[in-house]
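Just below is one structure, and these are the notes that go with it.
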Amino acid sequence: MEPVDVLIIGAGASGAAVAWSLAETRMRILCLEQGDWVRQSEFPSHGRDWEERQYGDFSISPNRRGLPADYPIHEDDSPIKVANYNAVGGGTILYAAHFPRMHPSDFRVRTLDGVADDWPISYQTLEPYFELNDRMMGVASLAGDPAYPPKAAILPPLSMGKTGRLFGRAMNQLGWHWWPADAAIATQAYEGRAPCIHLGHCIAGCSQGAKASTDITYWPEALRQRVALRTRCRVREICTNRDGRATGVIYYDELGKEQFQAAEVVIMACNGIGTPRLLLNSTSSRFPHGLANSSGLVGKRLMFHPYALARGYFDEPLDGYRGSHIVAWSQEFYETDRSREFVRGFTWQFGRGQGPVQTAMSGMAWGKIPWGDGHHAAFRRIFDRSAGMLAICEDLPELHNRVELDPVLKDAHGIPAPRIHYRLSENSKRMMAFAQTKAEEILVTAGARDIVTESPLSYAGWHLMGTARMGEDPEESVVNPWGRTHDVKNLFIVDASVFVTSGGVNPTATIQAIALYIADQIKQRLTHLFDD
Amino acid sequence: MIANNPFSANFDQSGLSREEIGLLRRVAGLMIPQSEAFGVPGADDPLIFADLLASLGRDLPAIREALSLVKQTQQSDAADLAAMLTSTRPDLCASLVSVVTRCYYRDNRVMKSIGMAVRAPYPEGFSIEPNDLTLLDPVKARGRRYRLVADE
């Protein structure tokens, strides 16, 4: 294998962004991705089995999917199970494209609220990268949201439909904040992407190509600029020399053959589980506890976003399974209020109804639809007549929540699999309980005749953060404020592992802004990139 | 959509024994029975059940375990069977519900009955009513909601 200047591991949200940004340097850039390209024609909404496949090859759980691109995750010791997708595009293939940014206050939680730690960077640092990323991904939004500093709208907002009208009126009655959700969904033709035609179930991939996944946003641009992308290549370990520099990686190619790829710079973009897994698997006499782990913090402080769900059933027909999952959001309870029994806060993500299979499954699970003769009438009372919300609760970093290597479980290549240990904090429990109480208030105001709640949502571990966090102090962090590991001067991390705190929003916009910021830092420092 | 007929020679491809197939069909019919009032077949309908058998996929081990439990209890009442499964093994109950509903609610007759167009979502898509952004006027009137921080 010819040596490259920059080797990126992972072709998802952050890997694509950093590859595209670095392409202008004309360095030799190669990305290794364990998954493959996914064609739009393979997405579930092409078929009548569109709901079934969300429990099969498009399940959000890698353990359930078990596809060749997936690696198993031992998650028995966690009430929240990991959701991911391994392919070109990564998690952006299998997400709802809800695209909120973190807020200015999210970067200053220690200063403002006396918990966790401040980030070494700020909203202001990332603001230009948020804007750039919004353009690259094609974000639909409505300017003027009072929950955010001013930001430009790239595309018109999503159609909120009957569900948006229902919740908007209720929120206005309560005097609470709400706004059309920022979404990485093309609401009109944009950069070669066709506009949204409201196929629904966006999470399982968009057959129309309206949803922004990086395989159709960043990657085509990066490939045009001669970035190389090798799929079905799973990295086993990052190699180092006697000077403690990364020399490249050992990986298994598409035929399962072991290969070595030399590189001057290695950039990890493997998500908050995959990155610590690979670092912990990269041991040597110099790094016996894993690479870049002199702090002992690799894998520590894993954060999810605990989700609290509330769903109401209404008399009037609503949008049902038609249209994007996401409709609008509320950040009424986003910022800390000391009169509550928790610190920090959450975003409500208002959503539409469900398809018939999900209606039947959840209806039976929640006791709304019986087995037997009453099934049909009960089903018809709730089908197309539900709407709800998820509270995306900020998760504070705690040392005992962690990723480590499983001593037994291995992937198809024999590489030790990750094992996670996670406990919900009392703060999270109180926040979810508060969110549910307030959600019920909204649903009642909106006219719901029946309400169900559930928290935490088990299969909702989409957001994997904090396991190689950013900071000034090498004893308290894994990477420096511009993404370079403290211990290995030519090793960078650009995924959500570097998050210091989680905020109470879906992280993709922030992940990509950070990746673009770190890429810019690399470009600005090319002549002295490895200096102390 | 219909891969095979449960009464043909191919049905054993489901991975279930004949006894298990019979038991599963009984459970499916108990869970979602035929309804003359709504003009729909039950989940034990030959076409639907054939689809179900061909679609067990990743759930096969759980279904076999669930059927073993069902066999032990000898329950013949739908509500009692559901209550037993929910209380003893909710995970297995969820698997049974999943495999039955995934195929039942994509049957042409059932989809028509619940008002769905009998087609895949793509390429036609769906319509959503347009936004009324005047609803946001009260939100705008209340002003800034985010916290200012010193370094911004």
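The values are calculated or read from the model by the stated rules, or taken from the named source; none is laboratory data. Computed from a prediction, not measured in an experiment: that's the story for all the values here. Neighbour counts are summed over all protein chains in view; Cβ atoms, including those assigned to glycine, are modelled from backbone coordinates with ideal geometry.
So the values come out like this:
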{"item": "Qualifying residue in region A:280-295 (condition: more than 12 Å from chain B (Cβ to nearest Cβ), within 28 Å of the chain's Cα centre (by Cα) and part of a helix (DSSP H, G or I))", "result": "yes"}
{"item": "Members of region A:330-357 that are in a loop (DSSP other than H, G, I, E, B), more than 8 Å from chain B (Cβ to nearest Cβ) and under 21 Å from the mean Cα position of the chain (by Cα)", "result": "A:Arg344, A:Gly345, A:Arg352"}
{"item": "The one condition in (1) in contact (Cβ under 8 Å) with a residue 40 or more places away in the chain; (2) surrounded by fewer than 23 Cβ atoms within 10 Å (Cβ to Cβ); (3) within 12 Å of chain B (Cβ to nearest Cβ); (4) under 22 Å from A:Ser41 (Cα atoms) that A:Tyr190 fails to fulfil", "result": "(3)"}
{"item": "Any chance A:Asp106 is part of a loop (DSSP other than H, G, I, E, B) and touching a Ser or Thr at 6+ places or on another chain (Cβ under 9 Å)", "result": "no"}
{"item": "Complete set of residues in region A:199-226 that are more than 14 Å from chain B (Cβ to nearest Cβ) and either within 17 Å of A:Ala87 (Cβ to Cβ) or touching a Leu at 6+ places or on another chain (Cβ under 7 Å) (or both)", "result": "A:Ala212, A:Ser213, A:Thr214, A:Asp215, A:Ile216, A:Thr217, A:Tyr218, A:Trp219, A:Pro220, A:Ala222, A:Leu223"}
{"item": "Candidate set: region B:13-28, residues that are surrounded by fewer than 20 Cβ atoms within 10 Å (Cβ to Cβ) and of a type in the set (Gly, Ala, Ser); chosen: the one modelled with the lowest pLDDT", "result": "B:Gly15"}
{"item": "Criterion: in contact with a helix residue (DSSP H, G or I) (Cβ under 7 Å, 6 or more places away or on another chain), modelled with pLDDT of 95 or more and buried (at least 18 other Cβ atoms within 10 Å of the Cβ) - qualifying residue of A:Phe287, A:Phe304, A:Phe314, A:Phe346", "result": "A:Phe346"}
{"item": "Residue that is within 14 Å of another protein chain (Cβ to nearest Cβ), within 30 Å of A:Ser330 (Cα to Cα) and aliphatic (A, V, I, L, M), where the choices are A:Ile80, A:Ile121", "result": "A:Ile121"}
{"item": "Residue match in region A:106-123 (condition: more than 22 Å from A:Ala468 (Cα to Cα), surrounded by fewer than 18 Cβ atoms within 10 Å (Cβ to Cβ) and within 21 Å of the chain's Cα centre (by Cα))", "result": "no"}
{"item": "Test: B:Ser35 is of a type in the set (S, T, N, Q), surrounded by fewer than 19 Cβ atoms within 10 Å (Cβ to Cβ) and either touching a Phe, Trp or Tyr at 6+ places or on another chain (Cβ under 9 Å) or facing chain A (nearest Cβ under 7 Å) (or both)", "result": "yes"}
{"item": "From the options A:Arg232, A:Arg245, residue that is out of contact with any helix residue (DSSP H, G or I) (no Cβ under 7 Å at 6 or more places or on another chain), among the basic types (Lys, Arg) and crowded, with 17+ Cβ neighbours inside 10 Å", "result": "A:Arg232"}
{"item": "Pick from region B:38-59, criterion assigned to a loop (DSSP other than H, G, I, E, B) and more than 10 Å from chain A (Cβ to nearest Cβ), ranking: nearest to the chain's Cα centre (by Cα)", "result": "B:Leu56"}
{"item": "Considering residues of region A:138-155 that are touching a strand residue (DSSP E or B) at 6+ places or on another chain (Cβ under 6 Å) and either within 11 Å of chain B (Cβ to nearest Cβ) or touching a residue at least 40 places away in the same chain (Cβ under 8 Å) (or both) only, the residue farthest from B:Asn131 (Cα to Cα)", "result": "A:Gly138"}
{"item": "Filter pass, B:Ser98 being within 7 Å of chain A (Cβ to nearest Cβ), of a type in the set (Ser, Thr, Tyr) and out of contact with any Pro (no Cβ under 7 Å at 6 or more places or on another chain)", "result": "yes"}
{"item": "Number of the exception - A:Glu264 against (1) touching a Cys at 6+ places or on another chain (Cβ under 6 Å); (2) at negative phi", "result": "(1)"}
{"item": "The lone exception for A:Asn133 - which of (1) assigned to a loop (DSSP other than H, G, I, E, B); (2) away from every other protein chain (no Cβ under 11 Å); (3) polar (S, T, N, Q) it fails", "result": "(1)"}
{"item": "Of the criteria (1) within 7 Å of chain A (Cβ to nearest Cβ); (2) in contact with an Asp or Glu (Cβ under 7 Å, 6 or more places away or on another chain); (3) of a type outside the set (A, V, I, L, M); (4) farther than 30 Å from A:Arg101 by Cα, which one B:Tyr105 fails", "result": "(2)"}
{"item": "Unmet criterion (only one of (1) outside any loop (DSSP other than H, G, I, E, B); (2) buried (at least 17 other Cβ atoms within 10 Å of the Cβ)) for B:Arg109", "result": "(2)"}
{"item": "Criterion violated by A:Val498 - all others in (1) out of contact with any Cys (no Cβ under 7 Å at 6 or more places or on another chain); (2) in contact (Cβ under 8 Å) with a residue 60 or more places away in the chain; (3) surrounded by 19 or more Cβ atoms within 10 Å (Cβ to Cβ) satisfied", "result": "(2)"}
{"item": "Residues located in region B:70-89, provided they are assigned to a helix (DSSP H, G or I) and more than 8 Å from chain A (Cβ to nearest Cβ)", "result": "B:Val70, B:Lys71, B:Gln72, B:Thr73, B:Asp80, B:Ala83, B:Met84, B:Leu85, B:Thr86, B:Ser87, B:Thr88"}
{"item": "Set B:Pro123, B:Pro138, B:Pro130: member being more than 25 Å from A:Asp384 (Cβ to Cβ) and either facing chain A (nearest Cβ under 7 Å) or part of a loop (DSSP other than H, G, I, E, B) (or both)", "result": "B:Pro138"}
{"item": "Criterion (part of a helix (DSSP H, G or I), hydroxyl-bearing (Ser, Thr, Tyr) and surrounded by fewer than 20 Cβ atoms within 10 Å (Cβ to Cβ)) met by exactly one of A:Thr510, A:Thr445", "result": "A:Thr445"}
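Residues checked against (1) out of contact with any Leu (no Cβ under 8 Å at 6 or more places or on another chain); (2) polar (S, T, N, Q):
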| site | (1), (2) |
| --- | --- |
| A:Ala292 | no, no |
| A:Leu297 | yes, no |
| A:Gln331 | yes, yes |
| A:Asp337 | yes, no |
| A:Phe342 | yes, no |
| A:Gly355 | yes, no |
| A:Pro370 | yes, no |
| A:His375 | yes, no |
